[in-house]
Amino acid sequence: MNSRQLFYSLSFIDVFNKMKQKWYMIFTMTDETYAVNCNLEDQDKEQVMFYVALFSRCY
């Protein structure tokens, strides 16, 4: 695990704890997903964060 992933994930730990895919979200946190997730609105945030991480990983 990259140290940047660890620090990026720490800033979202409260949101990740509410999600079923907590460990997946931690390991898919990259520079790009962090930038997108920081700018999301609160409505359906967890679901959008999951799809951003999934599509980023697939890409």
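The values are calculated or read from the model by the stated rules, or taken from the named source; none is laboratory data. Because the structure is a prediction, the values reported are computed rather than measured. Glycine also receives a Cβ, built like all others from the backbone with ideal geometry; neighbour counts cover every protein chain displayed. Please note that ligands, DNA and RNA were not included when accessible areas were found on the heavy atoms of the full protein model with its side chains. Shrake-Rupley method; radii C 1.70, N 1.55, O 1.52, S 1.80 Å.
Test of understanding: extend the Cα→C-beta vector of Tyr24 to 7 Å, then name every residue of the stretch 36-51 with backbone N under 18 Å from that spot. Residues 37, 44-51 qualify, since their backbone N sits under 18 Å from the label point.
The value given for the chain is a Kirkwood hydrodynamic radius of 11.2 Å, derived from the mean inverse Cα-Cα separation.
Ranking Phe27, Phe50 by solvent-accessible area of protein heavy atoms (1.4 Å probe, all protein chains present), from largest to smallest, gives Phe27, Phe50.
Enumerate the aspartates and glutamates that Lys22 could reach by cross-link, defined here as Cα to Cα under 12 Å, with residues fewer than 8 away along the same chain left out. Cα-Cα hits under 12 Å: Asp14, Glu46.
In the chain, the calculated helix contribution to ellipticity at 222 nm averages -20000 deg cm²/dmol per residue, counting -39,500 (n - 2.57) for every DSSP H run with n ≥ 4. Over the chain, accessible surface divided per residue gives 74 Å², non-protein components excluded, 1.4 Å probe.
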